[in-house]
Protein chains: 2
Amino acid sequence: MVNRLDDVVTGALEVLDAYGLEFCSMRRVAGHLGVQPSALYHHVPDKQTLLALMADRIVAGVSTPDAGPVEKRAYALCHDLRAAMLGIRDGADVVATASAFRLGASRLEAELVDVLGDRDGSRTLLLFVFGHTQATQMHRMAASVGAVEPDDDLDGSFDRGLEIILRGLC
Amino acid sequence: MVNRLDDVVTGALEVLDAYGLEFCSMRRVAGHLGVQPSALYHHVPDKQTLLALMADRIVAGVSTPDAGPVEKRAYALCHDLRAAMLGIRDGADVVATASAFRLGASRLEAELVDVLGDRDGSRTLLLFVFGHTQATQMHRMAASVGAVEPDDDLDGSFDRGLEIILRGLC
DNA sequence: ACCTGAACACCGTTCAAGT
DNA sequence: ACCTGAACACCGTTCAAGT
């Protein structure tokens, strides 16, 4: 079986969605691809790099609308980003961790700075989106296992947090 | 050698500060305490619980001043919390992860709700403090190894982010 | 270019047994 | 109450070698 780097990332995302980050090991990804664990190191120098590539793919379709009032554009980006991360198991964890590593240098942050014209404001907004989405995803997981009573207004809480920051920003 | 739960948490925090979260394994903590790995399970049901106890200890001294204008009290709490997490290697990671698990149910969030009278505002503020401090600590680690040019205004960036949220809140 | 097979130095956790 | 010793089922990564 022949794999390219793209196939490896795709396979890793399939394992992530099926088993969660905790069990998304190099050995499991290799098994899923029908290959020995060591074969992955032909495509990727280490696990951290693979996780960064997975994060890039998760947010690949997210971007800022290029028309409308500043506030609406920022709002739309944040909502898209949240949806993309919620679209795959543990997606928020994967993206947040990878992004923390290059804070100040991520595409999303650069786009937001472009829209808002405010470095610290963009960072504040992004950190909130990551943090809140991680908490949402964690809470949903815990609730689906019955470990906690479900919170039915996580989306509302996200919106209101977003509005607090945008209010302070504009 | 006889250990209590408190000694185990203390030992774990020493290992954390000396080697970082990545190498803060149950086996290493046990070794540090001069005990077999299995001995830890007499004190703690699993690693996750130990990490939660470590997080509690890291923020144990943090609390809201009970006088002054609302904004100053919230500001002081956030700064104290940040300082406590920065006071130990990977402290922000440990506290943020443990807190994400009980969002809505942590002592710090309850105190903040008391001061601000706003659930979503408190959550927004806390998520920012965790996210920004994690990024700060990560960046400092990377800079100290020469992997990245040091950013000399992380503290200023934190303050400005805090002000954006407090402005939107009051 | 892409992969195998074997090895190295680790993990978290369980469990019977000891004191 | 606190711990040992041994085991189980895993990790990430390296490296010589194969096609």
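A few comments on the model shown:
- Cα gyration tensor category, rounded, prolate or oblate, for the protein assembly as shown with a/c compared to 1.5: oblate
- By the rule of a C-alpha distance below 30 Å, with chain neighbours fewer than 8 residues away ignored, the lysines paired with B:Lys47 are A:Lys47.
- Point-charge dipole on Cβ atoms (K/R +1, D/E -1) for segment A:1-157, about Cα centre, debye to 20: 520 debye
- Placing +1 on the Cβ of every Lys and Arg and -1 on the Cβ of every Asp and Glu, with no other charges, gives the protein assembly as shown a dipole of roughly 660 debye about its Cα centre.
- Cα gyration tensor shape of chain A, rounded if a/c is under 1.5, else prolate or oblate by comparing a/b with b/c: oblate
- Taking the C-alpha atoms only, the angle from helix B:47-58 to the longest principal axis of chain B is near 50 degrees.
- Farthest towards the positive end of the charge dipole of the protein assembly as shown, among the residues B:Gly11, A:Leu33, A:Thr133, is the Cα of A:Leu33, using unit charges on the Cβ of Lys, Arg, Asp and Glu.
- Beta carbon of chain B nearest to the axis of the rotation taking B to A, residue and angstrom distance: B:Gly168, 1
- Rounded to 10°, Cα long-axis angle of helix B:119-144 versus longest principal axis of chain B: 60 degrees
- Stokes-Einstein diffusion for segment B:1-97 at 20 °C, viscosity 1.002 mPa s, with a Kirkwood radius from C-alpha pairs, works out to 149 µm²/s.
- Most mobile of A:Leu53, A:Leu125, A:Leu154 in a GNM of chain A (Cα contacts under 10 Å): A:Leu154
- Hydrodynamic radius by Kirkwood, which averages 1/r over all alpha carbon pairs of segment B:116-170, in angstrom: 12.3 Å
- Normalised by residue count, segment A:36-92 yields a Cα convex hull volume of 96 Å³ per residue.
- Annotation for segment A:12-52 versus segment A:110-170: alpha-carbon center distance of 29 Å.
- By the compact-protein rule of thumb, 2.2 N^0.38 Å, the alpha-carbon radius of gyration of segment A:77-170 corresponds to a ratio of 1.11.
- Computing Rg and the Kirkwood Rh from the Cα coordinates of segment A:1-55 gives a ratio, Rg/Rh, of 0.90.
Values quoted throughout were computed directly from the atomic coordinates according to the rules given, and no laboratory measurement underlies them. Computed from a prediction, not measured in an experiment: that's the story for all the values here. For neighbour counting, all protein chains shown are included, and Cβ atoms are generated from backbone atoms with ideal geometry for every residue, glycine included.
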